[in-house]
1. Tell me which residues, restricted to region 114-134, are in contact with a helix residue (DSSP H, G or I) (Cβ under 6 Å, 6 or more places away or on another chain) and either in a helix (DSSP H, G or I) or within 16 Å of the ligand (Cβ to nearest atom) (or both).
2. Condition first: on the phi > 0 side of the Ramachandran plot and near the ligand (Cβ under 10 Å from one of its atoms). Can you find one or more residues in region 135-154 that meet it?
3. Would you confirm, using the coordinates I've provided, whether residue 159 is buried (at least 16 other Cβ atoms within 10 Å of the Cβ) and within 12 Å of the ligand (Cβ to nearest atom)?
4. In region 278-293, which residue that is in contact with a helix residue (DSSP H, G or I) (Cβ under 6 Å, 6 or more places away or on another chain) and away from the ligand (no atom under 13 Å from the Cβ) is farthest from residue 126 (Cα to Cα)?
5. Among the residues of region 380-392, are any away from the ligand (no atom under 16 Å from the Cβ), farther than 29 Å from residue 191 by Cβ and buried (at least 18 other Cβ atoms within 10 Å of the Cβ)?
6. Which one of the conditions (1) buried (at least 23 other Cβ atoms within 10 Å of the Cβ); (2) closer than 30 Å to residue 398 by Cα; (3) out of contact with any helix residue (DSSP H, G or I) (no Cβ under 7 Å at 6 or more places or on another chain) does residue 265 fail to meet, given that it meets all the rest?
7. For residue 28, state whether it is without any contact (Cβ under 8 Å) to a residue 60 or more places away in the chain and either under 22 Å from residue 238 (Cβ atoms) or crowded, with 19+ Cβ neighbours inside 10 Å (or both).
8. I'm trying to understand the selection: among the residues of region 164-185, which are surrounded by fewer than 21 Cβ atoms within 10 Å (Cβ to Cβ) and within 12 Å of the ligand (Cβ to nearest atom)?
Ligand SMILES: Cc1cc2nc3c(=O)[nH]c(=O)nc-3n(C[C@H](O)[C@H](O)[C@H](O)COP(=O)(O)OP(=O)(O)OC[C@H]3O[C@@H](n4cnc5c(N)ncnc54)[C@H](O)[C@@H]3O)c2cc1C
């Protein structure tokens, strides 16, 4: 069965030889780096649960390419059920990690590239789809993580790629050879970049003919010589470097984290059989739309799962503070649940209204997928606000977990940060720190800022809702009812 165990996955990442920089220093191994390890462990859980008897139904699927059972994070969706299971899987992963587990962007990118290459070949007689199927078969057989590299640095947002003062601010082809192409540029905010085996590069936005050097799609192994990774800082990330008694409390989420990096392609050669688009500008817009919609639906799974943990933390702190029976607190936890399930409902509905594309793969309902993501740009902030309200100010003023272990003041922390009798102070501090992490710290990067910008900023969703919602049809409906020709 081509499904790696989590240990095999971690070993496979350890074997990659890459040029990584973090806080001004070269990093030899991302696997053993304390800032990066929590994100690797979150990604590794996508392997572990695929072997777990309780969850493997959700975490695996039958490949339409090979007929093998593969990890669902490499599966091309061919039914509404596939899409529904994807949302459920992402919620489960959010519940188990409380962070971004970094594997869904690659899954969504592969789905978008699959159907887009099919469409290009149908119209242009190219062989991109065959190449992509070969690539995908390897990804499935070797159970790889694929980085979805779409976002360019973009420089001056008011200018197109070719108008930029520096042409490299959008990744582009700089040389064409018989055996392949040479590309230059960078991809920003790359989730799970250092936990990936392959990088799947796509253009970031619709392009005009004059920008055809930017219309390029390809995959390269993550350890391709010349690629440089520059690791992104995260709020309160240095807590991951803490060791010793009490440091697990201070981390908030002591097990897992997310990860982003800038990936720089400084004249990287891409062999022809790894190129999935080259100059076909008219297909870039639809490709970006497809990826965006798949990914916008995904947020109705992963962020809802993380939301479940925040609701759980809020209910726990209410219990530990002695407020759980107070009516407004009960109401607030209902409110959190209502908001969280709204996002889930939108994600599931985008799956249930999906339809097949010419390639046979299914695409989500674009309006519902965008409604889902637009709600995710707002509702987690309301959920996080309630969590902070219910938690009380202690979530940002409690001393370090190390003070709890101090021979001098440990007994004072124990005494003065106690909530209800019978609950250890240590447990109360852990929950307060979890809420702090999720709403203000390292976790908030994924729960809040990624909810706004990941898969496109809010305005991008409004634009697509406008485009796909068929307002003319709605006008006709009312004119029929009132009798206007
Ligand atoms: C945590 C996180 C993880 C991410 N992971 C990935 C990933 O794995 N892969 C990937 O490819 N990308 C990833 N992204 C990138 C994400 O898709 C972008 O952040 C998003 O598309 C917005 O782009 P930007 O950050 O450059 O912001 P900008 O594009 O600068 O947007 C900032 C604001 O300016 C507005 N704006 C910008 N340009 C224009 C314009 N021309 N006209 C009108 N308004 C404009 C936007 O609407 C927005 O309000 C991630 C982002 C985050 C925050």
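The values are calculated or read from the model by the stated rules, or taken from the named source; none is laboratory data. Predicted model, so just to flag it, every value in this text is computed and none were measured. Don't worry about glycine lacking a Cβ; one is built from the backbone with ideal geometry, like all the others, and counts go over all protein chains shown.
1. Selection gives 116, 117, 118, 120, 121, 128, 129, 131, 132.
2. yes
3. Criteria not met by residue 159.
4. 293
5. Yes - at least one qualifying residue is present in region 380-392.
6. Status for residue 265: all satisfied but (2).
7. When the stated conditions are applied, residue 28 passes them.
8. Within region 164-185, 169 is the sole residue that qualifies.
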